[in-house]
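Accompanying notes for the structure given below.
Rule-based calculations on the coordinates, nothing more; no lab input. Here the structure is a predicted model, which means the values were calculated and not measured. Heads up, the Cβs are rebuilt from the backbone with ideal geometry, glycines too, and the neighbour counts pull from every protein chain shown.
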Amino acid sequence: MAWFCNRYECDRCQFVWHDEWSCMCDDDCPECGARHMSPYDADDLTEIIVRRGEEFVIFRSPDTADHAPAYQEVGAFATLVLAEANLSDC
């Protein structure tokens with residue numbers, strides 16, 4: 001399942017926050033309660049690369065993920081360049 005870190009800024013009080021969701025959805029301001037704030041930016045976290053010792057491991061949020069990304073390991077590589085090159089192939 002897709003996973004995003006959405007960044008928000010409240011139109012009412014200018015409070016800035018981020019939250020992770022399975023889509024780029026509106027959120028309510030945790031500071032003043034203003035509703036339906038749209039994200040101004042987001043990072044796609046569906047696939048991430050994590051350094052583990054001497055290798056770089058690709059993790060993907062599976063289609064079965066629900067309220068959390070539930071990352072699963074899909075490949076390990078000797079260099080970051082190789083891991084990045086294989087992101088969409090795993």
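Numbers below:
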{"item": "Qualifying positions in segment 52-69 - closer than 28 Å to Trp17 by Cα and either of a type in the set (S, T, N, Q) or touching a residue at least 24 places away in the same chain (Cβ under 8 Å) (or both)", "result": "Ile58, Arg60, Ser61, Pro62, Asp63, Thr64, Ala65, Asp66, Pro69"}
{"item": "Qualifying position, being among the small types (Gly, Ala, Ser), surrounded by 14 or more Cβ atoms within 10 Å (Cβ to Cβ) and in contact with a Leu (Cβ under 9 Å, 6 or more places away or on another chain), among Ala83, Ala2, Ala65", "result": "Ala2"}
